[in-house]
Protein chains: 2
Amino acid sequence: MTNYQNLLKSYGLKTTFQRLSILKSIDIAGHITIDDIHKDILTNHPSLSLATVYNNILKMQNIGVVVEVPISGKKSKYELIKDDHIHLICQKCGSVVDKDINCDVEQIFDKISVENNFVLLSTQNNLYGVCKDCIY
Amino acid sequence: MTNYQNLLKSYGLKTTFQRLSILKSIDIAGHITIDDIHKDILTNHPSLSLATVYNNILKMQNIGVVVEVPISGKKSKYELIKDDHIHLICQKCGSVVDKDINCDVEQIFDKISVENNFVLLSTQNNLYGVCKDCIY
DNA sequence: TCTTTATTAATAAAAATTATTATCTAAGGA
DNA sequence: TCCTTAGATAATAATTTTTATTAATAAAGA
Ligand SMILES: [Mn+2]
Ligand SMILES: [Mn+2]
Ligand SMILES: [Zn+2]
Ligand SMILES: [Zn+2]
């Protein structure tokens with residue numbers, strides 16, 4: 001993972017064990033809910049407040065380090081900032097897998113945006129279905 | 001809008017004023033939150049319970065008439081079922097506009113799914129940015 | 001080390017969602 | 001048209017999720 005300590009500092013956010021733990025938890029999981037971040041960190045830091053996770057996720061969203069991944073019918077998951085990509089979301093087990101987005105797709109999205117005088121900033125591309133481990 | 005009365009019936013859901021009002025409200029708005037559906041219907045049906053909106057949205061989601069549109073940083077909106085398409089979502093005013101999805105894009109999504117043994121059922125393609133009315 | 005200021009934990013408050021239940025109504029049959 | 005009945009609604013309570021408050025704490029720089 002990138003140097004998040006410097007990134008936090010550049011936005012005036014102090015480096016705390018809590019923040020680094022949250023980033024580490026997200027990085028390891030790939031995509032994870034607020035609750036699961038909290039549970040994860042609780043194991044070796046039992047006093048972590050859930051509110052602290054909420055607060056910091058919000059702050060780190062605002063500075064662009066963390067991105068919300070809203071998922072139909074489920075609680076949002078969070079990931080570290082990365083280039084636009086595709087999500088394969090399993091409706092059985094809830095897994096979320098990243099896939100590179102094709103250049104052609106990006107061009108088409110750009111074209112649609114231009115046609116509609118829409119200033120495109122980011123995309124979220126969720127493919128819902130059943131993952132290979134859940135077909136039996 | 002299609003004949004939702006028959007659709008409800010075919011799934012064993014009784015046709016009620018409340019359900020038809022919800023469907024109509026969604027149809028007219030295009031994309032709308034639970035709260036706004038409730039407020040909308042309240043004007044000429046002041047006794048409508050918010051819980052009734054929640055319950056029915058859930059039931060109509062389950063039978064596939066209504067689809068949740070989760071939006072990063074905001075409350076989900078709901079729309080009537082339609083073919084997969086693209087959303088232009090304005091981060092200033094919150095507007096959501098439908099755009100047809102290009103066949104090429106669909107093919108690429110299919111290809112990615114096949115490559116990953118993923119059974120693709122539906123997609124949600126959110127393009128976040130600033131709409132033409134919000135650039136000044 | 002000291003000082004300052006942001007951050008945290010703990011808690012309370014608020015907002016959102018779901019559950020419960022008595023009453024009511026849509027739908028089908030007599 | 002008038003029952004009958006299963007399912008739906010309204011009202012409310014309960015639960016869950018998220019945000020606000022604040023005293024104590026810890027990071028960062030002097
Ligand atoms: Mn991702
Ligand atoms: Mn739509
Ligand atoms: Zn799965
Ligand atoms: Zn706008």
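The values are calculated or read from the model by the stated rules, or taken from the named source; none is laboratory data. Computed from a predicted model, the values in this text were never measured in an experiment. Backbone-built Cβ (ideal geometry, glycine too); neighbour counts: all protein chains shown.
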(message) Tell me yes or no: at least one residue of the stretch A:7-29 is under 25 Å from B:Val69 (Cβ atoms), in a helix (DSSP H, G or I) and touching a residue at least 40 places away in the same chain (Cβ under 8 Å).
(response) yes
(request) Please give the strands (runs of 3 or more DSSP E) falling wholly within the stretch A:55-136 in which 2 or more residues are at the interface with chain B (Cβ under 10 Å from one of its Cβ atoms), of a type outside the set (Ser, Thr, Tyr) and within 16 Å of DNA strand D (Cβ to nearest atom). (result) A:66-69
(message) Of all residues being among the hydrophobic types (A, V, I, L, M, F, W, C) and more than 20 Å from B:Asp83 (Cα to Cα) in the stretch A:91-110, which is surrounded by the most Cβ atoms within 10 Å (Cβ to Cβ)? Just the residue, please.
(response) A:Val96
(request) Among the residues of the stretch A:30-54, write down those that are hydrophobic (A, V, I, L, M, F, W, C) and either outside any loop (DSSP other than H, G, I, E, B) or under 20 Å from B:Gly73 (Cβ atoms) (or both). (result) A:Ile32, A:Ile34, A:Ile37, A:Ile41, A:Leu42, A:Leu50, A:Ala51, A:Val53
(request) Answer yes or no as to whether B:Ser113 is among the small types (Gly, Ala, Ser), more than 13 Å from the chain's Cα centre (by Cα), under 26 Å from A:Leu120 (Cβ atoms) and surrounded by 17 or more Cβ atoms within 10 Å (Cβ to Cβ). (result) yes
(message) With the requirement that a residue be surrounded by 17 or more Cβ atoms within 10 Å (Cβ to Cβ) and more than 10 Å from DNA strand C (Cβ to nearest atom), what does the stretch B:8-28 give you?
(response) B:Ser21, B:Ile22, B:Leu23, B:Ser25, B:Ile26
(request) Answer yes or no: is there a residue in the stretch A:110-121 that is in contact with a His (Cβ under 9 Å, 6 or more places away or on another chain) and modelled with pLDDT of 95 or more. (result) no
(message) Here is a list: B:Leu48, B:Leu80. Which entry is more than 16 Å from ligand 4 (Cβ to nearest atom), touching a residue at least 60 places away in the same chain (Cβ under 8 Å) and crowded, with 16+ Cβ neighbours inside 10 Å?
(response) B:Leu80
(message) Exactly one of these conditions fails for B:Asp98: (1) in contact with a strand residue (DSSP E or B) (Cβ under 8 Å, 6 or more places away or on another chain); (2) modelled with pLDDT under 95. Give me its number.
(response) (2)
(request) Scan the stretch A:51-67 residue by residue and report those that are crowded, with 19+ Cβ neighbours inside 10 Å and of a type outside the set (A, V, I, L, M). (result) A:Asn56
(message) Checking the conditions here, which among A:Val66, A:Val53, A:Val105, A:Val130 is more than 13 Å from DNA strand C (Cβ to nearest atom) and either without any contact (Cβ under 8 Å) to a residue 40 or more places away in the chain or in contact with a His (Cβ under 9 Å, 6 or more places away or on another chain) (or both)?
(response) A:Val105
